[in-house]
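Chemist: The structure is given below, and queries will be raised subsequently.
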Amino acid sequence: MGQSSDELRNAALSYHRLPRPGKLEIQATKPLGNQRDLALAYTPGVAAACEAIAADPSQAASLTVRSNLVAVVTNGTAVLGLGNIGPLASKPVMEGKAVLFKKFAGIDVFDIEINAHTVSHVVETVAALEPTFGGINLEDIKSPECFEIEEQLKARMKIPVFHDDQHGTAIIVCAAIRNALVLNGKKLEDIKIVTAGAGAAALACLNLLVSMGAKRENIWVCDIDGLVYEGRNTLMDKWKAIYAQKTDKRTLAEVIVGADVFLGLSGPKVLTTDMLKTMADGPLIMALANPTPEIMPDEARAARPDAMICTGRSDFPNQVNNVLCFPFIFRGALDVGATAINEAMKRAAVDALAQLARDPPSDVVTRGFDGAESTGFGPGSLIPGAFDPRIILRVAPAVAKAAMESGVATRPIADFDAYAEQLDRFAFRSGFIMKPLFGKARKQPMRVIYAEGEDERVLRATQAVLEEGIARPILVGRPSVVATRLKRAGFSIKPGEDFDLINPEDDPRYRSYVQSYVDVAGRHGITPDAARTLVRTNSTVIAALAVQRGEADAMLCGVDGRYLSHLRRIREIIGIRPELTDYSALALLITNKGSYFIADTQIRPNPTAEELAEIAALAAVHVQRFGIKPRVAFLSHSDFGSYDSDSARKMRRATELLARSHPEIEADGEMQGDTALSEVTRKLVLPHSRVEGSANIMIMPNLDAANITFQVIKVLSNALPVGPILIGPAKPAHILTPSVTARGILNMTAVAVVEAQERMNQPTLFA
């Protein structure tokens, strides 16, 4: 923090102080709302759980939080770049580590800062914690004591003990080296590796590299006293001595000549451009000192344009960040009840991370950087981005399998497909609720046309659609632009082979498209001249015409432009279902407390009672497609007649109309928001409501209420939005919003495909 600006320092202090101190809280996972809950949670009911564990200790995994609880332990002797600041001052760092465990892998953590400064004191303290935790993450303990502490704890404890500063760094470094070797065509057993720094992280990196095939005789270690050589007697220990070389060379400048890899875990400006120039062809520069690396990337690139460069900083590509590793290696270890994290599990993590970096990048990753370096496997993208949501899906299963194969798993996973589905909730919060739609879509993929086919989010979604096997994509876009952006994104998919492409500037169907437009929209003010212009310039028009002509089964648009502008073209070309009065929009919010649908969020300013009943019926159809039983609440400021306003009467009448036309739909109203969401509250107001449990479809009295509610919930609960789902077009068509992500487009593709399937196989509104 000493080198940070005052502004950053003050912001950081405010962040940690407000609105309440610290970054963690403890939440109960079971209700404690009445005397019975108390009797079950504590005395006398808790005795049953205690007795079960006493009889069979393995029951602790299913009866307590232990199997998902990790201790982050430090004595504060080597904190970040701050040094020996003591255990109390280290607590913000450990809280941060706990947050990362929870955020990235759903693992609960107690941060434990101990006032213990000898090896034996630390070991005795931590070893005594074994009954509480499923794993131990050692953090920020100075070298060389950290080696001895970890070694003794691993020998004494039957749960994973992992010193992240050592092994987390090592796993990420080894993944980067593996991929660099793929690019420069070198072999691990042949390369010369030179390190600056001989602390815990550096030595762990070297040990793991050796276990993977690197030769000790090709490894040269330098520290503050220069080269580690045979006969040296200053600042030496048994772990460092393993890499002592028999040589008369003494400096980094001498030994870096001809090196293929520079591994810096030391301090700023240790590596000079003159040293760089003496390295082998296509070198890998890992300048990982923080906040100032051994050499700045721009300096290194200027001196060696052929170099691949990694840093520990988040403002440059190829960040070596331990968050890529520790949450997921613990996730896999905990899920199989591993008794240790061994070399096989570490190598499995290396392999999984390296392979992920070589796969087409995730949409979430690419939003952080501009430029080709960060958008596909190459010199600027050797390792995955920290926020790539796929990491847990790759690393955790790989680690779990390695634990099982190496004999340290006590609860082996029988079904890895089911395990992957469980992990998906951490990768994509939409995973569970979207699963039924993806399953239906795969059974009968349909043709989906994307109006904004040149947008990189659409291209990423196209890649994902093909991987999921849910649709045959059709993109509207210029071939040269699409090809350029596919290359920049690192995708191998090709137009004509993997997806179809409509070129708005030169499609042989242009004349027939113009005629089709005039035929369907000539009475809506579309003249032949206007049709000719719009078919050339408006991609939504092209997509809608393709659906109308039967050349596509569904369309998605709205990634760019205003919602109502897109709706106008859909209204002109595709039209509305004859039995309906108008379009409406249904939005899904996936929150930590469940999934909720809100209507109408986009179109009708002040719908009548009749229109609201219609919207509710159609919303129920869509909700059924998610495998969810629709439960409709007509929301109001009034609770079952508590107010007699025009708005309350409207919602009351809408409820009655829906009950008459569709008695099979579980619905009630008018009711307030808390009444809709809480069955307990609702029973106090109306014990015999027609809705059971929590309502999941919220029908709002007007557009203001619907859109405001949607936007506020989305932000305040950090909810994941899906949609909006357009209700009412004569053929499947949906209008997205400019804020949509590639994952959002993928989700809406599944929605559109299932709708198209049902339109084809089941033309009625209700089954």
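Chemist: For segment 18-166, what does the relative contact order come out to in percent, with C-alpha contacts under 8 Å and a separation of six or more? Before the final figure, lay out the partial values.
Modeler: Numbers: 196 pairs, mean separation 34.6, N = 149.
Relative contact order for segment 18-166 comes out at 23 percent.
Chemist: Which entries in Lys23/Lys103; Lys435/Lys593; Lys186/Lys246; Lys158/Lys401; Lys30/Lys629 show an alpha-carbon gap greater than 21 Å? Intermediate values should be presented prior to the final figure.
Modeler: Values: Lys23/Lys103 12 Å; Lys435/Lys593 18 Å; Lys186/Lys246 25 Å; Lys158/Lys401 19 Å; Lys30/Lys629 25 Å.
Correct reply: Lys186/Lys246; Lys30/Lys629.
Chemist: On to the next question. Local charge sum around Gln757 (other residues, Cβ-Cβ under 12 Å, Lys/Arg +1, Asp/Glu -1)?
Modeler: Once all neighbours under 12 Å are counted, the net charge is +3.
Chemist: Also: Ranking Cys205, Cys50 by Cβ neighbours within 10 Å, fewest first, what do you get?
Modeler: With the sparsest Cβ surroundings first, the list reads Cys50, Cys205.
Chemist: Still on this structure, please answer the following. With θ taken as phi - 60° and the coefficients 6.51, -1.76 and 1.60, list the Karplus ³J(HN,Hα) couplings across segment 696-710 in order, rounded to whole Hz; mark glycine and proline as x.
Modeler: Each residue's phi maps through the Karplus curve to give 10, 10, 9, 9, 8, x, 7, 5, 4, 4, 5, 5, 4, 4, 4 Hz.
Chemist: A follow-up question, please. Around Gly22, what is the net charge, scoring Lys/Arg as +1 and Asp/Glu as -1 over all other residues with Cβ under 14 Å from its Cβ?
Modeler: Summing Lys/Arg as +1 and Asp/Glu as -1 gives +2.
Chemist: Same structure again: What size of dipole, in debye to the nearest 20, comes out for segment 436-573 about its Cα centre when the only charges are +1 on Lys and Arg C-beta atoms and -1 on Asp and Glu C-beta atoms?
Modeler: Computed charge dipole of segment 436-573: roughly 240 debye.
Chemist: Follow-up. So what is the relative contact order for segment 584-728, in percent, with contacts set as C-alpha pairs under 8 Å and at least six apart?
Modeler: For segment 584-728, the relative contact order is 39 percent.
Chemist: How large is ³J(HN,Hα), in whole Hz, for each residue of segment 114-124 in order, when computed from phi with the Karplus curve 6.51 cos²θ - 1.76 cosθ + 1.60 and θ = phi - 60°, using x for Gly and Pro?
Modeler: Once θ is set to phi - 60°, the couplings for segment 114-124 become 10, 8, 9, 10, 10, 4, 5, 5, 4, 4, 5 Hz.
Chemist: Using a cut-off of 18 Å between alpha-carbon atoms, which lysines can reach Lys187, once sequence neighbours fewer than 8 places away in the same chain are excluded?
Modeler: Within the straight-line limit of under 18 Å, Lys187 reaches these lysines: Lys215.
Chemist: Out of residues 5 or more away from Ala338 or on other chains, whose amide H comes under 5 Å of its own, with H placed 1.01 Å from N in the peptide plane?
Modeler: Result for Ala338 returns Thr410.
Chemist: Considering only DSSP beta bridges with both partners in the chain, what is the antiparallel share in %, to the nearest 5?
Modeler: In the chain, DSSP labels about 25 percent of beta bridges as antiparallel.
Chemist: Then there is this: Distance in nm between label sites at Gln711 and Arg250, each 7 Å beyond Cα in the beta-carbon direction?
Modeler: My value for the distance between the label points is 7.0 nm.
Chemist: What longest range of the chain stays clear of loop-exposed GluC sites (Glu not before Pro) (DSSP non-H/G/I/E/B, at most 13 other C-beta within 10 angstrom)?
Modeler: That gives 231-496 as the longest site-free run.
Chemist: Give the label of the value calculated from the structure for Rg/Rh (Cα atoms, Kirkwood Rh), choosing from [x] 1.11; [y] 0.98; [z] 1.03.
Modeler: Label of the calculated value: [z].
Chemist: Show me, for segment 276-288, the HN-Hα J-couplings you get by feeding each phi into the Karplus relation (A = 6.51, B = -1.76, C = 1.60, θ = phi - 60°), rounded to Hz, glycine and proline as x.
Modeler: 4, 5, 8, 6, 5, 5, x, x, 10, 9, 10, 9, 9
Chemist: Hey, fewest Cβ within 10 Å first, where do Ser381, Ser480 land in order? Numbers along the way, then the final one.
Modeler: Values: Ser381 24, Ser480 11.
Final ranking by Cβ density, sparse to dense: Ser480, Ser381.
Chemist: Here is a further query. Collect residues whose amide H, placed 1.01 Å from N in the peptide plane, falls under 5 Å from the amide H of His163; neighbours closer than 5 in sequence don't count.
Modeler: Sorted by chain and number, the residues that satisfy this are Leu138.
Chemist: Working out 0.36 nm times the residue gap between Glu656 and Asp306, then minus their Cα-Cα distance, what length gain in nm do you get to one decimal?
Modeler: Numbers: separation 350, 0.36 × 350 = 126.00 nm, distance 7.28 nm.
Gain in length upon complete extension: 118.7 nm.
Chemist: Further question: What do you get for the angle between helix 539-548 and the principal long axis of the chain? Use alpha-carbon atoms, 0 to 90 degrees, nearest ten.
Modeler: On a 0 to 90 degree scale, this one is about 60.
Chemist: Highest mean first, how do 40-48, 535-543 rank when packing is the count of other Cβ atoms within 10 Å averaged over residues?
Modeler: 535-543, 40-48
Chemist: Can you sort Leu183, Leu612, Leu580 so the residue with the fewest Cβ neighbours within 10 Å comes first?
Modeler: Listing Leu183, Leu612, Leu580 from fewest to most nearby Cβ atoms yields Leu183, Leu580, Leu612.
Chemist: If you split all Cα-Cα distances of segment 436-573 into 10 Å bins from zero, what percentages do you get per bin, shortest first?
Modeler: 12, 42, 33, 12, 1
Chemist: Can you list the residues, at least 5 places off or on another chain, whose amide H is less than 5 Å from the amide H of Trp220, using H built in the peptide plane?
Modeler: Placed amide hydrogens put Ile193, Val194, Thr195 under 5 Å from Trp220.
Chemist: Can you list the aspartates and glutamates whose alpha carbon is less than 18 Å from that of Lys346, not counting same-chain residues fewer than 8 positions off?
Modeler: Glu139, Glu150, Glu151, Asp164, Asp165, Asp335, Glu405
Chemist: Find out how many positive minus negative residues lie around Leu580, taking Lys and Arg as positive, Asp and Glu as negative, among other residues whose Cβ is under 10 Å from that of Leu580.
Modeler: My count for the surroundings of Leu580 gives -3.
Values quoted throughout were computed directly from the atomic coordinates according to the rules given, and no laboratory measurement underlies them. Quantities reported herein were computed from a predicted structural model and do not represent experimental measurements. Quick reminder, even Gly has a Cβ in these numbers, built from the backbone with ideal geometry, and neighbours come from all protein chains shown.
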